Amino acid sequence: MASYILTLQLDPAATGFFNRLRQQYYPAHANEVAAHLSLFYRLPADEPGIMTTLDTMTAQPSFVLQVNELQRYTNGIAYTLMSDQLLALHTLLQTQWAQWLIPRDRQPLRPHITIMNQVTAFKAQQAHEALKATFLPFEVTATGMQLWRYLKGPWKLEGTYGFQA
């Protein structure tokens, strides 16, 4: 069954920043998609209600997110982000799409952007220490949402739903 992934679209400067880090730290053989903040991991591609709902979300204004931490996992690194507006938007979409959500998508959102994964714990620790030494919290802007078709590896962009500037 075909499925969609929904991600948050960020301003161009933030997108470039996270993509450069992902290209630098993510193993090339496994890096099939650009840096992203996933909102939903599997939405039914054959359900027109998904796109109808997204069309209504474009009236929402852009909003700011705080990049507040560099999180180390056993085999990777992610930047964590926080925004009350993002959490409210995610909860609203969860409510509207409840009948179609897989268990993972029913959980509370923990916004993050992974820049390293599938590496040894030692390599993750070294990179985390280097990045953490210069990390200062900063802000990025959410400019919309992007709907991607999952292709068992790379993703294909199906639609961009921009917020009001």
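The antiparallel fraction among DSSP beta bridges confined to the stretch 44-144 stands at about 100%. Taking the accessible area of the chain, probe 1.4 Å, and keeping the other protein chains in place, the carbon and sulfur fraction comes to 54%.
Between residue 46 and residue 107, the FRET efficiency from the beta-carbon distance, with R0 = 22 Å, is close to 0.40. Think of the chain as a dipole: +1 on every Lys or Arg Cβ, -1 on every Asp or Glu Cβ, centred on the Cα centre; then among 118, 99, 51, 118 lies furthest on the positive end.
Under the simplified labelling scheme, the residue 134-residue 80 pair shows an inter-label distance of 2.3 nm, with each label point 7 Å from Cα along Cα→Cβ.
Estimated at the nearest 10 Å², the accessible area of residue 148 is 50 Å² with a 1.4 Å probe.
With N as its number of residues, the stretch 1-54 has a Cα radius of gyration that, divided by 2.2 N^0.38 Å, comes to 1.38. Here the chain is treated with +1 on each Lys and Arg Cβ and -1 on each Asp and Glu Cβ, and its dipole about the Cα centre works out to around 520 debye.
Shape of the stretch 88-145 from its Cα gyration tensor (a ≥ b ≥ c, root eigenvalues): rounded if a/c is under 1.5, otherwise prolate when a/b > b/c, or oblate?
oblate
Between residue 23 and residue 68, full extension at 0.36 nm per residue minus the direct alpha carbon distance yields a gain of 14.1 nm. What percent does the relative contact order of the chain come to when contacts are Cα pairs within less than 8 Å and at least six residues apart? About 37 percent, as a whole number.
The order of 105, 55, 84, 11 by accessible area, most exposed first and with a 1.4 Å probe, is 84, 55, 11, 105. With all protein chains kept in place, the per residue accessible area of the stretch 29-165 amounts to 54 square angstrom at a probe of 1.4 angstrom.
The listed residues 157, 147, once ranked by accessible area (1.4 Å probe) with the largest placed first, stand as 157, 147.
Averaging the Cα positions of each part gives two centres, and for the stretch 70-110 and the stretch 1-57 these lie 13 Å apart.
Taking max minus min of the alpha-carbon positions on each principal axis, the chain gives extents of 45, 34, 26 Å, largest first. Computed from label points 7 Å out along Cα-Cβ, the spacing between residue 88 and residue 57 is 1.5 nm.
Compute the acute angle (0 to 90°) between the alpha-carbon long axis of helix 12-25 and the principal axis of greatest extent of the alpha-carbon atoms of the chain; round to the nearest 10°. Tilt of helix 12-25: around 50 degrees.
The values are calculated or read from the model by the stated rules, or taken from the named source; none is laboratory data. Note that the coordinates shown come from a computational prediction; the quantities given were computed from them, not determined experimentally. Positions of Cβ are backbone-derived with ideal geometry, glycine not excepted, and every protein chain shown enters the neighbour counts. Side chains are part of the model used for accessible areas, which takes the heavy atoms of the whole protein and leaves out ligands, DNA and RNA. Shrake-Rupley method; radii C 1.70, N 1.55, O 1.52, S 1.80 Å.
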